[in-house]
Structures are given as structure tokens and as C-alpha cells.
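Derivation of every value follows stated rules applied to the coordinates shown; laboratory data play no part. Bear in mind that the values here come from a model prediction, so they are computed numbers and not experimental data. We place every Cβ from the backbone using ideal geometry, glycine too, and count neighbours over all the protein chains shown.
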Amino acid sequence: MAPRKERGDRDGREKGVDGATMILEYLRQQNRPYSAIDITANLHNKVSKAYTVKALKEMHDRKEIEGRAAGKQIVYHALQDAPSDSTPSKLTALDQEIENLRAQLASTKAAEKSLRSELGTLNARVSTGELRGIVGGLEREREELLVRLKPLREKDWKGEGAGSQVVSAEELARVGGEWRVWKGRVVGRKRICREIWERCSEVLPEGMKEREEGRQELWEGLGLEGRL
């Protein structure tokens, strides 16, 4: 009759090897969850299923391993060691940095939304085509004034100013008033043009905004005249 195999042989205690230690080392090496049946099979029955179930439960009670239900069975895995540099102070600093970045992100998104809204308002009020129309109108008005002044300049140059018709004070006042009105319109439109240009310049790409020649190209491309 063959000798009966001692129970201790299947509990991993032969040659001084503890079964619980064997199971724990196996879980640490594999670094993934296993059930008692899987552990017994993977260790080639060096420990019995009953012993494995008991050892896993005891190690879990001692918080040496983690366990969770997976269907009708419980799976266990080794504890994950926290990084040595994850001190409470560093974790607190990381949390604070995350909060700061979230606040900066929210602020940046709000600023972007405001700028887009402002740009949309500007585009709705005065388009590039309208600006060109305003500039063209001012140029026509200038030509008309030059045409009106040309005969007077020619008479003065020929010495015929003495024979010219004397301008009355009322006419002079009327012309002066018209001049001031048109001058005010020119100044106002020039100011509007500059303000719109400055606002448009704020949303230019970084490369074009920093290069003076890039700004000059855009200025001329929009048909704008005068010094930038």
C-alpha cells in the first residue's frame, strides 16, 4: 500500500516553506488579481484549495492583501506600494496646482469668449467694405474741395486777386463753418478707423503682431492709407 501523502506537503510547508508566504509572493510577482482556485492551479497544487481560501482570508483580514467580489467568487491581489515621494505635503501641493490650473483655464476661456464677442460686434458694426467706402467718400470730398479752390489759387498766382469778387463776411462764415464740420468728420472718422484697427490688431496671429512689416502688409491690404 502506497504511503499516504501528508497534508502539510500540499500546504507548501515542506522544506520549511510556508504556504501563506508562497501565496503572498506569487500575488506580488504577478501583480494582478486571482481567485483561490487560480492560485492553487498556477502553483501546481503545491497548496490545497481549502488552505488557499483560508490563507487568503487571513491575509486579507490582516490587510496584507486586497480582495473584492467578482461574481460568485472573491479575487485577491497584492497591495500597491505608494511611491516614496508621494508625501502628504507634495500631494497637497499637487492638488493646489491642479486647482490653480483649473482657475486659469476658466479665466482664459472667459477671456476668449469675451474677445470673440467683441470681435463679432466690431464686424457687425463696421466691415472692411464699409471702411473702404468711407475712405473713398472722403477722397471724393477732398477732390471736390480742391476743384473749388483751384480757380482761386490760379487767380492769386496770376495777380488777378484784386479783380476777384470780394467774399462777404456771411459767405466767409458759412465756408468756415462747412470747413469745421468737414474737418470734424474727417477727424472723427480717422479716430474710428484707428480704434477699429487697434482692436483688430489685438487678435492678429502672434507672428504677424510682432512683425512691423506684417502689420504694414495688413494695413495696405485693407486699402487703408496714411502712416501706420
Would you calculate the separation in nanometres between label points at E195 and R153, each defined as 7 Å from the Cα along the Cα-to-beta-carbon direction? 3.3 nm
Between A50 and V167, what is the spin-label point distance in nm, taking each point 7 Å from the Cα along the Cα→C-beta axis? 12.5 nm
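Computed FRET efficiency, Cβ-Cβ of L146 and L115, R0 35 Å: what is it to the nearest 0.05? All intermediate terms of the calculation are to be shown ahead of the outcome.
On the way: r = 42 Å, r/R0 = 1.20.
E(calc), rounded to 0.05, equals 0.25.
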Inter-site label distance for R62 and N123 at 7 Å from Cα along Cβ, in nm: 7.0 nm
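Order of S117, S48 from fewest to most other C-beta atoms within 10 Å?
Values: S117 10, S48 18.
By the 10 Å Cβ count, ascending: S117, S48.
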To the nearest 0.05, how large is the calculated FRET efficiency for E225 and R174 if R₀ is 30 Å and r is the Cβ-Cβ distance? 0.50
Provide the gained length on full extension for the span D38 to E97, in nm with one decimal, where the gain is 0.36 nm per separating residue minus the Cα-Cα distance. 16.9 nm
